Every structure is written in C-alpha cells, then in structure tokens.
Amino acid sequence: MLAGTPLLASSHQDPLRASGNTVRWGVVSTGRIASIVASDLALLPDADLHAVSSRSRAGAEEFAVLHGFRRAYGDDGGLPGYLRLIQDPDVDIVYVATPHASHFTVARAALEAGKHVLCEKPMTLNARDAAILAGLAQSNGLFLMEAVWSRFLPSVQRAAEIIASGELGEIRMIQADLGFPAPRHPGARLWQRAAGGGALLDLGVYPLTWALLALGAPQSLAAAAHLTGDGVDAETAVTLTYASGAVSQFVVSLTTVSTQTATVSGTKGMLRCNAPLFNPTELVLTFDSGETRRETFVPAGHGYTYQLREVLRCLQLGHR
C-alpha cells in the first residue's frame, strides 16, 4: 500500500538506467505542480508519459505537447477528463495533482478502477478519508503514496543515515519552522478553508517529515493555531512528545518570513538542515568536540525525480 524502505542516499545518486520494466503514467491536472513533476518524470527512463487530463481538452492537449504525453483527455459528454484518463486501460499509475479539495475524489476513483496512485499532499483533508483510501488500496492490492517528495531527496536521505548511525548520539530534540507571507488576493487557495487552505495542510508536512525521520511516531501531541474569521489556520504550532522523553516542535505560518530550517539535536551532536527545509542543499553538523562538518547536495531536475524514482522502484518490485 505504501512505499517500502527508501533507497540509501548513495543509491539516489546512481545513474538513471532503463530496466525494461516501463510504468505508464497518467497525470490528472495541468497546473503548476503537475508541470514541474512532469518535467522531472521525463528524466526517468522507465517512466512512460502516457496521458494527461484537464477539464479543458485544449489545455490537456497543450500540456501533452509541452511534456511529451501521448494522450490528452478533457471533459466530454458529461464525463470529467480525470475519469476518462482513469478509464484508459493503458494507464498503470495515476498522479493526482488537482487542488487539495478534490484529491480524495480523484484518488478514490483511480483506486476503484484498479490504478496505482501517487497523490499530492495533503492526500486528503481529514483522517477519515485517508483511511478510506488506504483501505481501498489494501483490499485491491494497489500502491498508494502521498507525494511527500522531500523524504526522498539525497540530502534528506543522507540526514536519515547520519541520524541512524548514532553519530549524533541519542536524538532528544527537533526544531523546525516554515513560513512565508502568502498573498491574500480574492480567490487565493491558501486562505480558503473549503479549498484545503491553511498553514498546517499546505506546509506542515515538511517540518513533520523531519520529526518522523528522526524520532518516528510520537506518543502524544499538542497544537495551537491562530485562525482567521473563515476558520483557516494562519499559523500553527505543534509539539510532539515521545516515550523516551524526546520533544519535537515546529511552527508553520502563512504570514511571516521564517528561517525555513530544521535542527536535529542529539547527545553528541546537532544536524542543521539549511533553508529551505523542504529541499535542502546543505547539512551542517556540529559536535560536542567542537568539530563542524558541512555536506552539500545538488538535486537533479526540480528535486521530484527521487520521489518518482522510488515510486517506480516500489511498483517494479511489487511493493504495495
């Protein structure tokens, strides 16, 4: 159902070679993130850019020409373009890149049609819907993954290796923040509750990734938020506590300039992920001995290649 153990950081840097086991992709949406991911998908020899859908047939065709997809689907005869793509028997996996509020609907339709699914974050707007999707994937023997792309970056994979090695000692504290002043023009998605807006759903996954990476699932959590009159969280602060006594704290904001960094602190040393924490190119390690070490990274493409490569690996190995 979910991705298995990720590749080591060194493996993510290996040359991209075709295995002969091609996976045919269908992309639902022609928006900004879909375009970025499609560009990175084209870098993978085992990825077949098969079909794209949009409400507009003309928009889908333009996207298909731009990125090299063979088929384009739009709304036609009362049938939405995404359903027409899902019904294509030659599509193996559906990448859902629609606005947040429609993730559940599109992903559920794809799973019910027997398609594997990679869904943009947040996969759903609530835990109930996420459980429904997980149940569908499990009962149908299908692959389902939320597109937390940062988790597979070489820099983040390397951080995971350092943490697991014990070089930092026992991990006792994680601190992270991520914020930016989001435009508040009419119709701005981030400020609409019905559209899945808010700091936690849009940004929270990134600092949370660092907490889970270093300490795993927490024993308890507490959160506080500043809500707008429409019920959208402009800022949210979260504290996670663990059976070991370790603590993880992070803040996400749609109104402030922030450091956009994450720090993992242990009994022997500290790892700092320099900005931006969702796509870091530098890790700085400081030890109790006074030693400081820096490691730098240059991601391929826009950085989504590694996540897509992991999805292909899981499908080719039969991980569900």
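The values are calculated or read from the model by the stated rules, or taken from the named source; none is laboratory data. Just so we're clear, the structure is a prediction, and the values are computed from it rather than from any experiment. Using ideal geometry, Cβ is built from the backbone for each residue, glycine included, and neighbour counts are taken over all protein chains shown.
Residues are listed down the side, and each one gets a yes or a no for (1) without any contact (Cβ under 8 Å) to a residue 40 or more places away in the chain; (2) under 21 Å from Glu120 (Cα atoms); (3) among the hydroxyl-bearing types (Ser, Thr, Tyr):
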residue	(1), (2), (3)
Arg193	yes, yes, no
Val205	no, yes, no
Leu208	no, yes, no
Asp230	yes, no, no
Lys268	no, no, no
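Is there a residue in the stretch 143-164 that is among the hydroxyl-bearing types (Ser, Thr, Tyr), more than 23 Å from Gly303 (Cβ to Cβ) and at pLDDT 95 or above?
No, the conditions are met nowhere in the stretch 143-164.
Residues in the stretch 70-84: is at least one buried (at least 22 other Cβ atoms within 10 Å of the Cβ) and in a helix (DSSP H, G or I)?
Looking through the stretch 70-84, at least one residue is buried (at least 22 other Cβ atoms within 10 Å of the Cβ) and in a helix (DSSP H, G or I).
What pairs come up if the first residue lies in the stretch 275-293 and is at pLDDT 95 or above, the second is among the basic types (Lys, Arg), and their beta carbons are under 6 Å apart, counting only those six or more places apart or on different chains?
Val284/Arg272; Val284/Arg294; Leu285/Arg293; Asp288/Lys268
If I ask for residues that are surrounded by fewer than 16 Cβ atoms within 10 Å (Cβ to Cβ) and of a type in the set (Val, Ile, Thr), which ones from the stretch 294-309 would you list?
Selection gives Thr296, Val298.
Out of all the residues in the stretch 42-56, is one or more surrounded by fewer than 24 Cβ atoms within 10 Å (Cβ to Cβ), farther than 24 Å from Leu317 by Cα and over 20 Å from the mean Cα position of the chain (by Cα)?
Yes: one or more hits.
Would you say Val311 is out of contact with any Asp or Glu (no Cβ under 8 Å at 6 or more places or on another chain) and either in the same structural domain as Val94 (by TED's automatic domain parsing) or assigned to a loop (DSSP other than H, G, I, E, B) (or both)?
It is true that Val311 is out of contact with any Asp or Glu (no Cβ under 8 Å at 6 or more places or on another chain) and either in the same structural domain as Val94 (by TED's automatic domain parsing) or assigned to a loop (DSSP other than H, G, I, E, B) (or both).
How many of the residues making up the stretch 85-129 are more than 24 Å from Glu61 (Cβ to Cβ), out of contact with any strand residue (DSSP E or B) (no Cβ under 6 Å at 6 or more places or on another chain) and not in a helix (DSSP H, G or I)?
Here the count works out to 5.
To keep it simple, each residue is scored yes or no on (1) in contact with a strand residue (DSSP E or B) (Cβ under 7 Å, 6 or more places away or on another chain); (2) crowded, with 20+ Cβ neighbours inside 10 Å; (3) not in a loop (DSSP other than H, G, I, E, B).
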{"site": "Thr239", "(1), (2), (3)": "yes, no, yes"}
{"site": "Ser244", "(1), (2), (3)": "no, no, no"}
{"site": "Gln249", "(1), (2), (3)": "yes, no, yes"}
{"site": "Val252", "(1), (2), (3)": "yes, yes, yes"}
{"site": "Thr256", "(1), (2), (3)": "yes, no, no"}
{"site": "Gln260", "(1), (2), (3)": "yes, yes, no"}
{"site": "Met270", "(1), (2), (3)": "yes, no, yes"}
{"site": "Asn279", "(1), (2), (3)": "no, no, no"}
{"site": "Val284", "(1), (2), (3)": "yes, no, yes"}
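Got at least one residue in the stretch 231-241 being within 25 Å of Ile162 (Cβ to Cβ) and hydrophobic (A, V, I, L, M, F, W, C)?
Yes, because at least one residue in the stretch 231-241 is within 25 Å of Ile162 (Cβ to Cβ) and hydrophobic (A, V, I, L, M, F, W, C).
Could you please find all residues in the stretch 112-132 being more than 12 Å from Met145 (Cβ to Cβ), surrounded by 21 or more Cβ atoms within 10 Å (Cβ to Cβ) and either among the aromatic types (Phe, Trp, Tyr) or free of Cβ contacts under 8 Å to residues at least 60 places away in the same chain (or both)?
Result: Thr124, single match.
Is it the case that Gln316 is surrounded by 17 or more Cβ atoms within 10 Å (Cβ to Cβ) and either in a loop (DSSP other than H, G, I, E, B) or among the polar types (S, T, N, Q) (or both)?
For Gln316, the condition - surrounded by 17 or more Cβ atoms within 10 Å (Cβ to Cβ) and either in a loop (DSSP other than H, G, I, E, B) or among the polar types (S, T, N, Q) (or both) - is not met.
Confirm whether Ile163 is crowded, with 20+ Cβ neighbours inside 10 Å and within 24 Å of Gln219 (Cα to Cα).
So Ile163 does not fit the description; no.
Within the bounds of the stretch 220-227, is there any residue that is outside any strand (DSSP E or B), at pLDDT 95 or above and assigned by TED's automatic domain parsing to the domain that holds Leu168?
The answer is no, given that none of the residues of the stretch 220-227 is outside any strand (DSSP E or B), at pLDDT 95 or above and assigned by TED's automatic domain parsing to the domain that holds Leu168.
For the list (1) in contact with a Cys (Cβ under 6 Å, 6 or more places away or on another chain); (2) more than 16 Å from Gln157 (Cα to Cα), I need the number of the one condition that Ser265 fails.
Of (1) in contact with a Cys (Cβ under 6 Å, 6 or more places away or on another chain); (2) more than 16 Å from Gln157 (Cα to Cα), only one is false for Ser265: (1).
Quick check on Ala275: is it surrounded by 15 or more Cβ atoms within 10 Å (Cβ to Cβ) and of a type in the set (Gly, Ala, Ser)?
It is true that Ala275 is surrounded by 15 or more Cβ atoms within 10 Å (Cβ to Cβ) and of a type in the set (Gly, Ala, Ser).
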